[in-house]
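Let me begin by presenting the structure, written as structure tokens, before commenting on it.
The values are calculated or read from the model by the stated rules, or taken from the named source; none is laboratory data. Computed from a predicted model, the values in this text were never measured in an experiment. Counting neighbours? That spans all protein chains shown, and the Cβs are built from the backbone with ideal geometry, glycine included. Accessible surface areas use protein heavy atoms only, side chains included; no ligands, DNA or RNA. Shrake-Rupley method; radii C 1.70, N 1.55, O 1.52, S 1.80 Å.
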Amino acid sequence: MAARSIASLTISFGMVSIPVKLYSATEASRAISFNLLHKGCGSRLKQQYFCAREEVPVAREDMVKGYEFAKDQYVMFTPEELKALEEAGTHSAEITEFVPLKSVDPVYFDKAYYLGPDKGGAKPYALLARALRESGRCALGRWAARGKQYIVMIRPVEDLVEGLVMQQLLYAGEVRSLRDIDIPKTDVKPAELKLAQQLIEQQSSDKFDPAEYKDEVRERIEAAVQKKVEGQEISSMAETPEQGAQVIDLMEALRASLEKKPAKKAQSEKPAAKRAAKK
């Protein structure tokens, strides 16, 4: 099934403008949600708001938004005032600079969108995608939508075809510094480092394949829901992980890890070895 675009916009830098279509890169609808029900009759519950001072229910038309500037002290805003504060939506993402792709820490990554060329934009789209990929850089810019202004990164991707992803980025104030965490300075012995590198090499793959990872919790919930729909009872399905003994000797733990899991290369060579033996 072909993807449907959710918006159209123009990517601009210098005197170049590229008309593109915006596509959701993720599926929020995949999440499983549960509703609150009345335990007695199974009917769905409705949420009701109460005034904390007067202890009476408040209708939606009597509600306003407010900002707490001090303990239990608020300033109120009308819907018109809040609307005036919103950023006007734009149909363009203006590129302000190009930086090395590796210089943007993934901790800043937020929601991602696929970009596809719109009418008349195939040539400049392909040119930008190829130029970014070969230069190892990405484009940074600004984009306004849904009343907010976002930092966006446009980066190249390659999946049978060359394309572009527009990645919303978090602002600096939204990301905590690693310096906020107490990480003591610790010396690493050369022998420990060598064993750790061997373990990494043993479990390494050439690339990330997301299809190798399954959402086992989701599958377990779906199976339980189906059983309930069919009128079956379900028992506790979550298995308690075994508690291993506390590891004190780091070197022994590394050696044990290397011995426990065979190398991927060795695994891939086994079928060939068996075929040679049969011949």
Exercise for the section: Can you work out which of the residues in the range 56-70 that are open to solvent by 100 Å² or more (accessible area, probe 1.4 Å) and farther than 20 Å from K46 by Cα is farthest from the chain's Cα centre (by Cα)? Expected result: F69
Exercise for the section: Looking at (1) surrounded by 12 or more Cβ atoms within 10 Å (Cβ to Cβ); (2) modelled with pLDDT under 90; (3) of a type in the set (K, R), find the lone condition where K228 falls short. Expected result: (1)
Handout entry: Test: E80 is at pLDDT below 95, open to solvent by 80 Å² or more (accessible area, probe 1.4 Å) and either closer than 30 Å to T10 by Cα or touching a Cys at 6+ places or on another chain (Cβ under 6 Å) (or both)
Key = yes
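Let's see how each residue does on (1) in contact with a Cys (Cβ under 7 Å, 6 or more places away or on another chain); (2) under 16 Å from P19 (Cα atoms); (3) surrounded by 15 or more Cβ atoms within 10 Å (Cβ to Cβ); (4) not aliphatic (A, V, I, L, M):
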{"position": "G141", "(1), (2), (3), (4)": "no, yes, yes, yes"}
{"position": "G147", "(1), (2), (3), (4)": "no, no, no, yes"}
{"position": "I154", "(1), (2), (3), (4)": "yes, yes, yes, no"}
{"position": "V165", "(1), (2), (3), (4)": "no, yes, yes, no"}
Handout entry: Given (1) open to solvent by 90 Å² or more (accessible area, probe 1.4 Å); (2) modelled with pLDDT of 95 or more; (3) of a type in the set (K, R), number of the condition K123 does not satisfy
Key = (2)
Fill in the blank from the handout: Sole miss for A211 among (1) under 30 Å from D249 (Cβ atoms); (2) open to solvent by less than 100 Å² (accessible area, probe 1.4 Å); (3) in a helix (DSSP H, G or I) is condition (1)
Practice task
Could you give me the residue pairs with C-beta distances under 6 Å whose first residue belongs to the range 115-131 and is among the hydroxyl-bearing types (S, T, Y), whose second residue is in a strand (DSSP E or B) and open to solvent by less than 40 Å² (accessible area, probe 1.4 Å) wherever it lies, and which are 6+ apart or on separate chains?
Solution key: Y125/I18
Fill in the blank from the handout: Only unsatisfied item for L85, checking (1) open to solvent by less than 90 Å² (accessible area, probe 1.4 Å); (2) at pLDDT below 95, is (1)
Exercise for the section: Examine the range 17-30 for a residue that is over 18 Å from K111 (Cβ atoms), touching a helix residue (DSSP H, G or I) at 6+ places or on another chain (Cβ under 8 Å) and open to solvent by less than 60 Å² (accessible area, probe 1.4 Å), and state whether such a residue exists. Expected result: yes
Problem - Tabulated pairs, the range 60-87, first of a type in the set (K, R), second open to solvent by less than 100 Å² (accessible area, probe 1.4 Å), C-beta under 9 angstrom, 6+ apart or interchain - result: K65/F77; K65/T78; K65/P79; K65/L82; K83/G147
Handout entry: When residues of the range 189-208 are limited to those that are in contact (Cβ under 8 Å) with a residue 12 or more places away in the chain and outside any helix (DSSP H, G or I), the one least open to solvent (accessible area, probe 1.4 Å)
Key = S204
Fill in the blank from the handout: Here the residues within the range 168-188 that are open to solvent by 70 Å² or more (accessible area, probe 1.4 Å) and closer than 30 Å to R146 by Cα are Y171, A172, G173, E174, R176
